[in-house]
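S.K.: So that we are looking at the same thing, I have put the structure below in structure tokens.
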Amino acid sequence: MALSKNYQPGETESKWYAHWIDQHYFHSVPDKRAPFTIVIPPPNVTGVLHMGHTLNETVQDILIRRARMQGYNTCWVPGSDHASIATEAKVVAMLKERGIKKSDLSREEFLKYAFEWKEKYGGIIYSQIKKLGCSCDWDRVTFTMDGHYYEAVIKTFVELYKKGLIYRGARMIHWDPAAQTALSDEEVDYREVNSKLYYVRYPLEGSNEFITVATTRPETIPGDTAICVNPTDIRYYHLKGKFAYVPVINRRVPVIFDEYVDKEFGTGCLKVTPAHDINDYNLGLKHHLEVIDVFNPDGTMSAAAQIYPGEDRFVVRKKFVQDLKDKGFLVKEENIVNKNGFSQRTNAVVEPRISTQWFLRMNELSKEALDAVLKDDIQFFPEGRFLNTYRYWMENIKDWCISRQLWWGQRIPAWYDEKGNVYVAETEEEAIKQYAVAGISGSPAPPPSEEAGRRLRQDEDVLDTWFSSWLWPMEVFNGISRPENEEIKYYYPTTVLVTGQDIIFFWVARMIMAGMEFKQEKPFRHVYFTGMVRDKQGRKMSKSLGNSPDLLQLIDQYGSDAVRFGIMIASPAGNDLLFDESSLEQGRNFCNKMWNALKLIRMWEVKERPDGNNFAVNWFENRLPEVTSQIQSLFDDYRLSEALKMIYSLIWDDFCSWYLEWIKPSDKQISSAVLSKTITFFEELLQLLHPFMPFVTEEIYHQLKEREPNDDLIVRQFEKASEGINYEILRKGELLRSYITIVRDFRNKNNYKKSDMLQLILPPDLFGDYEGIHSLIEKMVTAELITADEIGSNVISSTSSTTTTTTTIPIEGWATQVISTKKADTSIQKEQLQKDLAYQKDFLASVAKKLANEKFMQHAKAELIERERKKQSDAEERIRAIEESLKVL
């Protein structure tokens, strides 16, 4: 088959992905092999693949593909998360476009629309993952609202409730007014914003005095139920037992004293609004204060606020500040920068709110999860990173608010009777039985009746999305719903989790807790944290900045392999990466470089002839296992970017630029032995690269020679690396490359034509007696080797006559004489020698200064002093040699 000028990724990628699927290479069932298991961090069902996903999914595919080629039974489970808040918001928006309000629907009707939306849009991200080349087991796609998964979530809730770890109570929580649901602490982002500090006067009862309070939230003043000062603050001793009036509202509130107040901050006076601040809430509990909630769930003013009912809180802020001004209560305003909490899902400013919610006690669960990491039962990579962060969070963990005021998600399995008693059970039938037993004080329970069912009302809330995804490594194998099945026994614990560092608490820590609680076993052995993908200016990628590229467009433009290469070559382990499209261009060029190497090899014809290229073959035969061993060490430490750079250099430089050039025949005819070796080397190189760039490597592998059915690179097994590496050959190879480079550089600087023949006099022991090495030199630098006595000097010198020029080139302590019929350009040599002389003199001065330093000479070790003296003598020798050369020139 004729080969195209350049590699064409489009058709190649679709062809090979379909072939791999048809051959069931991605599918796994338990067998006698060791498993290598990865569960994909489930992207939101609402999502499309962004560059962070691209990095994460590419890393996972690299690890899975390499393990597959190492003989493991690889299982990479794909799936998606139902993403309660985000998905419900999308569905509500869809209904709004159709003129339907959520409030006009029953729960069942709304869920029908939600599943309709999920079926229509939920598969988009899967097609993108496939386009990237990810070798997931598509027979195992899991969704966190699948029947078995729903059952598992409910089962764990009931189990934890029975253990006393789940409880229901009224507490101050984070409230998202846009989604109208509670949030956990980890779902709130704190950001610095430009704000104002308002100084407001509160009139004192029975006096013309005022007490001044500073606040950033004047719209909450209608909820004030006290003024608080520090009991040691002498400025306010006279206010003990006094009362003040809330401005505009005119509510009488006490002046209370508590050491919580920092008397050095602001005016030393604090307005206490128990319904809208966690610290005020705690003060309210301590001092038995009234709680007045001035906001409705949607962030508008409530009737209890007595002002602007139904209007948005931020609109009211401006109006109420004007009211304070008009009535003489506003003293001044200051511009400040402070932190506000924002919902991660809706970006709404979060409100502290007292609400009855369900909570999970975390202290007991966190102990084993912390020990598992501290004792290295679970290892974090990059090593040493994030360990202290993890420890701090686990040692300061708070109870987890797990209920959400939504309809999309696993509904809380709790039922209430007319008296408010709660019955937690996996099914309504089970709850009815509990209700019946409770009603007859221990007598045998009567059959559940329809009447009992009507008396019970199920909790309207659903569980936090993370309460389902913390079961992910177990329930993708039905480990909770069917705990003793063969798959959970075989695949669990999984091998490695690849995830972003931003969800270490949301997900990683909680999965570890769940694994230790429900399986008494860690969920994974290793955790590899990827960095954040930023643009080349270091900014976080976002739609609003317009700096987040469309993945599918990039794949269409460059090819999947180039995209994978581009994002991995710039991705140092665990660090943020600066994405630059030029790295994709580099990836595309790499594909074409290998494609051209394929075309070159395909041009050659076999002809039996004396093999004069033994050195080239022997050198690469040792170079390949040397680098392969280094690559394995990098993989062991998850230094994948460095591994890719090493493979890239091995293929581009060592194989294409050196080895192929060394063996390339002038007449396109090559010995069968050398060609066979070359194809074998190329196959092994493609195998090393395949996990990173699967499509181009599979295509070239099949274009190299005819293949038997099922002889596919994706399942080609790595052979054990050779241990008998000849390092002397490798040293000679490096010397040969340096020698050729220096002679070529000499030719270029002196403007020799390609056809100009040089004569080289090599030192007799420079390369030894390796067969073919001299002919390699002659071919690579257009020269003829002639013999002469060993040259002891390693300086550049030149003598000229009317017919020939003799130049000495230094290399590795030896010297090579170049004899040419063309006069060399001595001006270039002079310029370079003068630069070298200036550098050596500066270097000598710095060494002499150190040796003249008395403190250094008194305290430095003898071997260090000797090393400096050696540097001094070497520099002096180099200076003398350069000066001699300049005299000759």
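S.K.: Go through (1) buried (at least 19 other Cβ atoms within 10 Å of the Cβ); (2) over 30 Å from Glu383 (Cα atoms); (3) in contact with a Gly (Cβ under 9 Å, 6 or more places away or on another chain) one by one and return the number of the condition Glu585 breaks.
M.R.: Among (1) buried (at least 19 other Cβ atoms within 10 Å of the Cβ); (2) over 30 Å from Glu383 (Cα atoms); (3) in contact with a Gly (Cβ under 9 Å, 6 or more places away or on another chain), Glu585 violates only (1).
S.K.: Given the criteria surrounded by 16 or more Cβ atoms within 10 Å (Cβ to Cβ), out of contact with any Leu (no Cβ under 9 Å at 6 or more places or on another chain) and not hydroxyl-bearing (Ser, Thr, Tyr), does Asn44 qualify?
M.R.: For Asn44, the condition - surrounded by 16 or more Cβ atoms within 10 Å (Cβ to Cβ), out of contact with any Leu (no Cβ under 9 Å at 6 or more places or on another chain) and not hydroxyl-bearing (Ser, Thr, Tyr) - is met.
S.K.: Which one of Arg639, Arg602 is under 18 Å from Arg65 (Cβ atoms), open to solvent by 60 Å² or more (accessible area, probe 1.4 Å) and of a type in the set (Lys, Arg)?
M.R.: Being under 18 Å from Arg65 (Cβ atoms), open to solvent by 60 Å² or more (accessible area, probe 1.4 Å) and of a type in the set (Lys, Arg) holds for just one of Arg639, Arg602, which is Arg639.
S.K.: To continue, here is another question. Which condition number does Trp652 fail, the rest of (1) aromatic (Phe, Trp, Tyr); (2) open to solvent by less than 60 Å² (accessible area, probe 1.4 Å); (3) under 32 Å from the mean Cα position of the chain (by Cα) being met?
M.R.: For Trp652, the exception is condition (2).
S.K.: Can you tell me which residue is nearest to Val349 (Cα to Cα) among those in region 182-214 that are touching a residue at least 60 places away in the same chain (Cβ under 8 Å) and of a type in the set (Asp, Glu)?
M.R.: Of everything passing the filter in region 182-214, Asp189 is nearest to Val349 (Cα to Cα).
S.K.: Find the residue count for region 321-354, including only residues that are in a loop (DSSP other than H, G, I, E, B), surrounded by 12 or more Cβ atoms within 10 Å (Cβ to Cβ) and basic (Lys, Arg).
M.R.: Total meeting the criteria: 1.
S.K.: Scan region 458-494 residue by residue and report those that are crowded, with 21+ Cβ neighbours inside 10 Å and assigned to a strand (DSSP E or B).
M.R.: The answer is Val462, Leu463, Thr494.
S.K.: List every residue pair whose Cβ atoms lie under 7 Å apart, where the two residues are 6 or more positions apart in sequence or sit on different chains, the first residue falls within region 316-329 and is closer than 18 Å to Thr220 by Cβ, and the second residue, located anywhere, is of a type in the set (Ser, Thr, Tyr) and open to solvent by 30 Å² or more (accessible area, probe 1.4 Å).
M.R.: Val316/Tyr308; Lys319/Tyr308
S.K.: Quickly run through region 559-582 and pick out the residues that are more than 18 Å from the chain's Cα centre (by Cα) and surrounded by fewer than 22 Cβ atoms within 10 Å (Cβ to Cβ).
M.R.: Result: Glu581, Ser582.
Yes/no per residue for (1) part of a loop (DSSP other than H, G, I, E, B); (2) under 26 Å from Ser633 (Cβ atoms); (3) open to solvent by 20 Å² or more (accessible area, probe 1.4 Å):
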{"position": "Val373", "(1), (2), (3)": "no, yes, no"}
{"position": "Asp377", "(1), (2), (3)": "yes, yes, yes"}
{"position": "Phe380", "(1), (2), (3)": "no, yes, no"}
{"position": "Gly384", "(1), (2), (3)": "yes, yes, yes"}
{"position": "Thr389", "(1), (2), (3)": "no, no, yes"}
{"position": "Met394", "(1), (2), (3)": "no, no, no"}
{"position": "Trp408", "(1), (2), (3)": "yes, no, no"}
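S.K.: On to the next question. Taking His24 as the residue in question, decide whether it is free of Cβ contacts under 8 Å to residues at least 60 places away in the same chain and surrounded by fewer than 23 Cβ atoms within 10 Å (Cβ to Cβ).
M.R.: yes
S.K.: For the list (1) modelled with pLDDT under 95; (2) more than 30 Å from Tyr638 (Cα to Cα); (3) open to solvent by 40 Å² or more (accessible area, probe 1.4 Å), I need the number of the one condition that Ile85 fails.
M.R.: Checking Ile85 against (1) modelled with pLDDT under 95; (2) more than 30 Å from Tyr638 (Cα to Cα); (3) open to solvent by 40 Å² or more (accessible area, probe 1.4 Å), the one that fails is (3).
S.K.: Here's something else I'd like to know. For region 208-232, enumerate the residues that are of a type in the set (D, E, K, R) and open to solvent by 10 Å² or more (accessible area, probe 1.4 Å).
M.R.: If the condition is that a residue be of a type in the set (D, E, K, R) and open to solvent by 10 Å² or more (accessible area, probe 1.4 Å), then Glu209, Arg217 are the ones that fit.
S.K.: Another question, if that's okay. Please verify whether Leu685 is assigned to a helix (DSSP H, G or I), open to solvent by 10 Å² or more (accessible area, probe 1.4 Å) and under 20 Å from Ser657 (Cα atoms), treating the condition exactly as stated.
M.R.: Here the answer is no, as Leu685 does not meet what is asked.
S.K.: Here's a follow-up. Go through Gly99, Gly79, Gly52 for me and flag whichever is in contact with a Pro (Cβ under 8 Å, 6 or more places away or on another chain) and farther than 29 Å from Ser629 by Cα.
M.R.: Answer to the check: Gly79.
S.K.: Separate question: Please verify whether Phe359 is within 30 Å of Phe635 (Cβ to Cβ) and either touching a helix residue (DSSP H, G or I) at 6+ places or on another chain (Cβ under 7 Å) or open to solvent by less than 20 Å² (accessible area, probe 1.4 Å) (or both), treating the condition exactly as stated.
M.R.: no
S.K.: May I ask you to list the residues in region 710-766 that are in contact with a Phe, Trp or Tyr (Cβ under 7 Å, 6 or more places away or on another chain) and under 30 Å from Tyr17 (Cβ atoms)?
M.R.: Once the filter is applied, which keeps residues that are in contact with a Phe, Trp or Tyr (Cβ under 7 Å, 6 or more places away or on another chain) and under 30 Å from Tyr17 (Cβ atoms), region 710-766 yields Leu713, Ile714, Val715.
S.K.: Turning to a different aspect of this structure: Within region 716-731, which residues are of a type in the set (D, E, K, R) and either more than 30 Å from Thr74 (Cβ to Cβ) or not in a loop (DSSP other than H, G, I, E, B) (or both)?
M.R.: Of everything in region 716-731, those that are of a type in the set (D, E, K, R) and either more than 30 Å from Thr74 (Cβ to Cβ) or not in a loop (DSSP other than H, G, I, E, B) (or both) turn out to be Glu728, Arg731.
S.K.: Return yes when Pro382 is of a type outside the set (D, E, K, R), in contact (Cβ under 8 Å) with a residue 40 or more places away in the chain and more than 20 Å from Leu197 (Cα to Cα) and no when it is not.
M.R.: Answer is yes for this residue.
S.K.: Please pick out the residue among Tyr308, Tyr260, Tyr281 that is touching a Cys at 6+ places or on another chain (Cβ under 8 Å) and open to solvent by 30 Å² or more (accessible area, probe 1.4 Å).
M.R.: Tyr260
S.K.: Looking only at region 278-306, count every residue that is more than 21 Å from Phe243 (Cβ to Cβ) and in a loop (DSSP other than H, G, I, E, B) and tell me the total.
M.R.: Total satisfying the criteria: 6.
S.K.: Identify the single condition in (1) free of Cβ contacts under 8 Å to residues at least 40 places away in the same chain; (2) in contact with a helix residue (DSSP H, G or I) (Cβ under 8 Å, 6 or more places away or on another chain); (3) not charged (D, E, K, R) that Ser657 does not satisfy, given that it satisfies every other one.
M.R.: If we test Ser657 against (1) free of Cβ contacts under 8 Å to residues at least 40 places away in the same chain; (2) in contact with a helix residue (DSSP H, G or I) (Cβ under 8 Å, 6 or more places away or on another chain); (3) not charged (D, E, K, R), just (2) comes out false.
S.K.: Follow-up. Go through Lys155, Lys112 for me and flag whichever is surrounded by 18 or more Cβ atoms within 10 Å (Cβ to Cβ), out of contact with any Lys or Arg (no Cβ under 7 Å at 6 or more places or on another chain) and of a type outside the set (A, V, I, L, M, F, W, C).
M.R.: One residue alone meets the criteria, Lys155.
S.K.: Is it true that some residue in region 88-109 is without any contact (Cβ under 8 Å) to a residue 60 or more places away in the chain, open to solvent by 20 Å² or more (accessible area, probe 1.4 Å) and under 30 Å from Ile714 (Cα atoms)?
M.R.: So far as region 88-109 goes, no, none of its residues is without any contact (Cβ under 8 Å) to a residue 60 or more places away in the chain, open to solvent by 20 Å² or more (accessible area, probe 1.4 Å) and under 30 Å from Ile714 (Cα atoms).
S.K.: Just a yes or no: is a residue in region 47-58 within 20 Å of Thr697 (Cβ to Cβ) and either of a type in the set (D, E, K, R) or at pLDDT 95 or above (or both)?
M.R.: Yes, the conditions are met somewhere in region 47-58.
S.K.: Please state which one of Glu426, Glu430 is touching a residue at least 24 places away in the same chain (Cβ under 8 Å) and either of a type in the set (Asp, Glu) or in a loop (DSSP other than H, G, I, E, B) (or both).
M.R.: The match here is Glu426.
S.K.: What tally of residues in region 529-558 results from selecting those that are of a type outside the set (S, T, N, Q), open to solvent by less than 50 Å² (accessible area, probe 1.4 Å) and farther than 30 Å from Tyr7 by Cβ?
M.R.: 2
S.K.: Another question, then. Name the one entry in Tyr752, Tyr739 that is over 42 Å from the mean Cα position of the chain (by Cα), crowded, with 19+ Cβ neighbours inside 10 Å and in a helix (DSSP H, G or I).
M.R.: Tyr739
The values are calculated or read from the model by the stated rules, or taken from the named source; none is laboratory data. Just so it is clear, the structure is predicted and the values come from calculations on it, not from any experiment. Heads up, the Cβs are rebuilt from the backbone with ideal geometry, glycines too, and the neighbour counts pull from every protein chain shown. Heavy atoms of the whole protein, side chains included, go into the accessibility calculation; ligands, DNA and RNA do not. Shrake-Rupley method; radii C 1.70, N 1.55, O 1.52, S 1.80 Å.
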